[in-house]
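The values are calculated or read from the model by the stated rules, or taken from the named source; none is laboratory data. Every value quoted in this text rests on a predicted model; they were computed, and no experiment measured them. Methodologically, a virtual Cβ is constructed for each residue, glycine included, from the backbone with ideal geometry; neighbour enumeration extends over all protein chains shown.
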Amino acid sequence: MLDTLLIFILIGFAAQMVDGALGMAFGVISTTLLISMGVPPALASASVHAVECVTTGVSGVSHVYHRNVDWKLFKRLALPGILGGVTGAYVISNIDASMAKPFVLAYLSIIGFILIYRALRWPPQVKHPKYVAPLGIAGGFLDAAGGGGWGPVVTSNLLIQGSSPRQTIGTVNSVEFFLTISISVTFLLSMGPEIITQSAIGLLIGGVIAAPFGAMMAKHIPTKPLLLMVGIILTLTSLYGIYHAIY
């Protein structure tokens with residue numbers, strides 16, 4: 001039991017290190033590895049979001065303190081994101097886990113390709129941002145259904161549309177706290193207290209330990225190679241999981 005907890009702590013540590021350096025990927029890395037270890041998709045997503053109630057709260061407060069939040073963008077993104085997140089959590093909680101697993105892994109592999117694409121085209125091309133509400137709904141839904149993806153989907157699209165990188169990352173991370181709370185409450189009402197699992201405790205311990213080191217990595221490791229590495233690992237892990245889920 002202690003060995004299993006240690007594995008979850010290491011997953012949480014590694015995922016938070018990457019998330020601290022990139023401002024994304026804690027959810028997708030944690031969920032992909034949990035599902036690969038046999039955790040049902042709904043329970044994996046619920047556990048990860050329970051942990052993120054803490055990690056995203058700390059991140060959001062930090063971004064507000066450093067004035068990284070565009071409050072107009074925050075208002076446009078928050079309600080659609082919460083609506084999409086609650087819907088995604090309800091859907092994934094009420095379908096058969098064996099049926100959901102290949103689709104969730106397929107979604108995570110797509111996120112991996114998106115990260116690789118972002119890395120190869122880094123820095124993003126600057127354009128005028130237009131679509132926020134539909135992006136929030138889609139990002140929230142996919143984040144809840146897949147256990148992660150709010151950062152990779154929403155941040156990458158806003159950057160491509162031309163938003164300021166610093167304020168985009170700060171705003172998306174700040175909205176994510178409220179999104180995560182909404183998703184976690186939905187999972188709690190749908191699945192009960194079983195979402196507080198050994199995996200959630202391990203991820204929380206590892207994530208809290210890694211938080212200061214992730215911030216240090218952001219200063220010293222170039223974004224492009226780290227983003228590329230995460231995208232490749234995520235894609236390969238997800239495709240491997242799909243193969244075993246089907247065959």
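Overview of values
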read-out: Evaluation of TYR90 against (1) part of a helix (DSSP H, G or I); (2) within 30 Å of ILE209 (Cα to Cα) (one fails), failing number; value: (2)
read-out: Matching entry among VAL58, VAL64 (being touching a helix residue (DSSP H, G or I) at 6+ places or on another chain (Cβ under 8 Å) and either more than 19 Å from GLY206 (Cβ to Cβ) or buried (at least 24 other Cβ atoms within 10 Å of the Cβ) (or both)); value: VAL64
read-out: Segment 38-52, residues that are farther than 14 Å from TRP150 by Cα and either touching a Gly at 6+ places or on another chain (Cβ under 9 Å) or touching a residue at least 60 places away in the same chain (Cβ under 8 Å) (or both); value: VAL39, PRO40, PRO41, ALA42, LEU43, ALA44, ALA46, SER47, ALA50, VAL51
read-out: Members of segment 157-200 found to be within 16 Å of GLY20 (Cα to Cα) and among the small types (Gly, Ala, Ser), listed by number; value: GLY170, SER174
read-out: Selection from segment 43-58 of residues that are of a type outside the set (S, T, N, Q) and at pLDDT 85 or above; value: LEU43, ALA44, ALA46, VAL48, HIS49, ALA50, VAL51, GLU52, CYS53, VAL54
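Yes/no per residue for (1) under 27 Å from PRO165 (Cβ atoms); (2) among the aromatic types (Phe, Trp, Tyr); (3) at pLDDT below 90; (4) crowded, with 20+ Cβ neighbours inside 10 Å:
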residue: LEU79; (1), (2), (3), (4): yes, no, no, no
residue: ALA97; (1), (2), (3), (4): no, no, yes, no
residue: PHE103; (1), (2), (3), (4): no, yes, yes, no
residue: ILE116; (1), (2), (3), (4): yes, no, yes, no
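Yes/no per residue for (1) part of a helix (DSSP H, G or I); (2) aliphatic (A, V, I, L, M); (3) farther than 25 Å from PHE103 by Cβ; (4) more than 16 Å from the chain's Cα centre (by Cα):
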site: LEU6; (1), (2), (3), (4): yes, yes, yes, yes
site: ILE11; (1), (2), (3), (4): yes, yes, no, no
site: GLN16; (1), (2), (3), (4): yes, no, yes, no
site: ASP19; (1), (2), (3), (4): yes, no, no, no
site: MET24; (1), (2), (3), (4): no, yes, no, no
site: LEU33; (1), (2), (3), (4): yes, yes, no, no
site: ALA46; (1), (2), (3), (4): yes, yes, no, no
site: GLU52; (1), (2), (3), (4): yes, no, no, no
